[in-house]
Structures are given as C-alpha cells and as structure tokens.
Amino acid sequence: MASDPKMIPQSGLLSAEANQAAALAAYGGVLTVDLDAIIANWRKLEKTAVPAECSAVIKADAYGCGAAQVSRALSKAGCKTFFVATIEEARTVREAVPEAAIYVLGGYFQNTGEHYARINCRPVIGDLNELAEWDVFCRRTGWTGGAAVHIDTGMNRLGLTLADAQAIIPRINAGDHGITLVMSHLVSAEQLNSPVNAKQLATFRSIASEFSGVPAALANSSGIFLGAPFQFDLVRPGAALYGVNPTPEADNPMQPVVDLKARIVQTRNVERGESVGYGGTWTARRPTKLAIIAVGYADGYFRAASSNDGTRGAEVVVAGKRCPVAGRVSMDLIAIDITDLAPNAARRGHMVTLLGEGITVDEIAHHFGTIGYEVLTSLGHRYARVYKGGNEVEPLVKPEPALVQAAEQPPSPPPIEQPASPPPLPS
C-alpha cells in the first residue's frame, strides 16, 4: 500500500498502518486503485496487439483513476504513447511522464499552438480549418512537434471527411508534413458481428494506405479483440485498462482495478410495514435491520441503483455477504438491508464494499442504467484515494487539521500566483 509521510500525519506512538488508518477515518469512503492491475491489463492488451504498439487512453483523469499515477505506472511498464482529451489533461500527464508522446483528442484551436509547444504534445486534427491553423502556427514559429490526423469513417462525430482526407494526400506525399499518426474511431467495436466494423475497416485501410510512411491507428479497447486486421501500427485502449469488459459478449479478460468501500454510520431496526428512505418507496416485509452507509449520488453512486417494493436495486458486500440496497439512494447516504447477517457482523464504523469482492464495474453499470465508463468517471472526490502497486508512493489522503500537530508559528498565506510568461518557442 502506498505511503507518503507528507500526506499522512505521523506520530511516534503509532505505526505507519495506524497512522494511515487514522487519516482514512476522516472519510466516509475509500477508493483504492490497483496500479499493478492496470499494468497487467495493459500488458495483456499489448500482447494481444503484437506487433502493434499499445498506447494508453488516460483522458478524464485516467477514467477517474488518477492520470498522474496511472501514466507514471504505465510508463514504467513500457508504455510510450498516451491520449488525453484536453491540453490541461496533457499538462498533468507531461509532468508525470516527461519523455512520452502525448496526443490531445480534442483537436486544435487557433491561438493554442503555444500551449502545445510549451509542453510538447500533439493535437489530433479533425478538419481542414484546424489543419490550416496548425500549419500557420508551425510556419510562424518553426515548431516541429507533430500532429495526428483523424479521419471519420462512420462515427460522424469528429474527423476529416474522406474527401478532405484525399485532398491532403499530395501534402503527405510531398514529405516534411509533420503528421505523425493517422487515425479513426470504431462505432460498434464491442459487437463482434456488426457489419459496421468491416465497413469501417475497409474504408480506413484504403485511406490510411495513401498516408505513405505515417503510422495508422483504428482499434480502441474492444477493437483490439476484433483481430489483427484492426490493429494496424498502434492501438488505443482506454476503458479496458481500468477493468471494464471490452468483450461484453464473452467473459471479461481484464483484471478489476477499482475497489470502493464506504463506512457504516449507523445501524437501526425497523418493523414490518415501515418504509425506508425518500418517498417511502421501499417497505420492510419483515422486522429488518439496516446499515446506513456514508455514500450517495453526490459520490457517484447513482440514484438509479435504488430499490422499491417492486424492483430490487444494487447490492453491496457486508461482512463477506451480499446485501441489497433498501429504498432510494440519497445524496450522501444509502440504506442496506443486513437482516440476514450474523448479530454484530456489521457495526458502526465498519466498511462495506460497493465495488470489489465480486461486484464488478460492469455489474454496477447495469444497476445504474449506464456503462462502466460513466461509473468510473463519476466516482466523486469525497473519497480518500489510495494507490497500491506500480511502485507508487503518493496516496491522495490529506491529513485533517485536527490530526496534525500545531506548528510553532502560523503558516504564511500562500503567495498569489502571477501568470507566467510563456517560454520562447523553438526556432
């Protein structure tokens, strides 16, 4: 388990484990990210895609798992290329992995060139206006950091049209074009027999072959499992790295990554016929014992996981056994039916498992009425975050003021940050 004396208050009277437990006690929930599992998932995907390079998509704070921690761990494992959504995300990753290639999927906007150059990252260009603006910036500054070209082969979301892509082929063939990757995105990769996959593959293979000498990328997480024809020179897994099943028509080949636990704040008994929660939608059919846990939809545990008198909701693991949600999930609290547990198996202060111990992110997504991507990216910031594996030493568990010894002098207020002048661009 990660440990950092700067983040967790220390005491000469307590062990490191006791100090961490004291820090975690200030939180209603603990989100643990297994970096070794992320590395294992990346290596499995890399092996599946050989000889293509396996990159990593770490947008949205690495799908909620922590972009700095994940990119650093994957870089140590051998990953050399990362994809993010915004320049701000790229800045975080660049600080963590100074030597990696970083592509920004959100594209290029006029007057953002200096931001790309300052942190040496590459825009993914999706229309001719972006390409023209990028060209102007590169000619004006001499910047040669490279860019990707995204071609739309059926998603109808981002990317050059096929006609626009054909129009820039002479530029590619002329050399010195600065394009380091040509890519597209699959519409239905998780559906093995979708005819759209074959159509997109044929379209992309045809146009990518005209980008002479430029590496090509088509496959996302699910696309990797469509086979070698879809893998080209580079694959771009995202959700599969974090344990989401990339092959929903078969068993999940990925290891689980996230473990989410929440604290019991109270246990209580209700009589048969009494209702529980907002709206009184769930009624006890027997004398019932409840555990109230300190997580709700403000923490990313969706209200859709609620139960009522006609519908069973999600389950959590309490003392090693699955127990159902009782009533509506509220903003900060969930009621759990623990009647079938042994006496004293669950008490105030105990932790229960919302993700982990057999409850997968895909199972939770089913109860939430969504997909695993949204589950992971919705997990809130009120949890203590703990990282294990990956040679990490920086848990995001900040000490509570009451747990830290008072300093002899009050701390000085932080200096007001002045906007930094951009460094000169390379000439």
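The values are calculated or read from the model by the stated rules, or taken from the named source; none is laboratory data. It should be emphasised that the depicted structure is a prediction, and the values quoted were computed from it without experimental measurement. So basically every Cβ, Gly included, is an ideal-geometry build from the backbone, and we count neighbours across all protein chains shown. The protein model used for the area step is the full one, side chains on, heavy atoms only, and it has no ligands, DNA or RNA in it. Shrake-Rupley method; radii C 1.70, N 1.55, O 1.52, S 1.80 Å.
If you filter the range 158-177 down to residues that are in contact (Cβ under 8 Å) with a residue 12 or more places away in the chain and in contact with a Gly (Cβ under 9 Å, 6 or more places away or on another chain), you find that the one that is most open to solvent (accessible area, probe 1.4 Å) is Leu158.
Conditions tested, residue by residue: (1) closer than 20 Å to Ala163 by Cα; (2) open to solvent by 30 Å² or more (accessible area, probe 1.4 Å); (3) within 29 Å of the chain's Cα centre (by Cα); (4) among the acidic types (Asp, Glu).
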residue	(1), (2), (3), (4)
Ile179	yes, no, yes, no
Val182	yes, no, yes, no
Ser188	no, no, yes, no
Leu192	no, yes, yes, no
Asn197	no, no, yes, no
Arg205	yes, yes, no, no
Ser212	yes, yes, no, no
Ala219	no, no, yes, no
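Just the residues that are touching a residue at least 24 places away in the same chain (Cβ under 8 Å) and surrounded by fewer than 21 Cβ atoms within 10 Å (Cβ to Cβ), please, taken from the range 298-312.
Filtering the range 298-312 for residues touching a residue at least 24 places away in the same chain (Cβ under 8 Å) gives 298-309.
Those that are touching a residue at least 24 places away in the same chain (Cβ under 8 Å) and surrounded by fewer than 21 Cβ atoms within 10 Å (Cβ to Cβ): Ala298, Phe302, Arg303, Ala304, Asn308, Asp309.
Considered as a group, the residues in the range 110-155 that are outside any helix (DSSP H, G or I) and of a type in the set (Ser, Thr, Tyr) include one that is surrounded by the most Cβ atoms within 10 Å (Cβ to Cβ), and that residue is Thr153. If we scan the range 163-180, do we find a residue that is assigned to a strand (DSSP E or B), closer than 27 Å to Gly223 by Cβ and out of contact with any His (no Cβ under 8 Å at 6 or more places or on another chain)? Yes: the range 163-180 contains one or more residues that are assigned to a strand (DSSP E or B), closer than 27 Å to Gly223 by Cβ and out of contact with any His (no Cβ under 8 Å at 6 or more places or on another chain).
Does Val375 qualify as being assigned to a strand (DSSP E or B), under 30 Å from Ala240 (Cβ atoms), aliphatic (A, V, I, L, M) and at pLDDT 95 or above? Spelling it out, it is not the case that Val375 is assigned to a strand (DSSP E or B), under 30 Å from Ala240 (Cβ atoms), aliphatic (A, V, I, L, M) and at pLDDT 95 or above. So which residues in the range 73-110 are touching a Gly at 6+ places or on another chain (Cβ under 7 Å), of a type outside the set (S, T, N, Q) and over 23 Å from Gly389 (Cβ atoms)? Answer for the range 73-110, where residues must be touching a Gly at 6+ places or on another chain (Cβ under 7 Å), of a type outside the set (S, T, N, Q) and over 23 Å from Gly389 (Cβ atoms): Ala85, Gly107. Evaluation of Arg286 against the conditions (1) part of a loop (DSSP other than H, G, I, E, B); (2) closer than 27 Å to Ser194 by Cβ; (3) at pLDDT 95 or above; (4) open to solvent by 60 Å² or more (accessible area, probe 1.4 Å) shows that the sole unmet condition is (2). Applying the condition of being open to solvent by 30 Å² or more (accessible area, probe 1.4 Å) and in contact with a Ser or Thr (Cβ under 6 Å, 6 or more places away or on another chain) to the range 257-277 and asking which residue is farthest from Ala26 (Cα to Cα) yields Ser275.
Just checking, which of Phe302, Phe230 is of a type in the set (Phe, Trp, Tyr) and closer than 30 Å to Ala335 by Cα?
Working: Phe230 fails: closer than 30 Å to Ala335 by Cα.
Exactly one residue qualifies, and that residue is Phe302.
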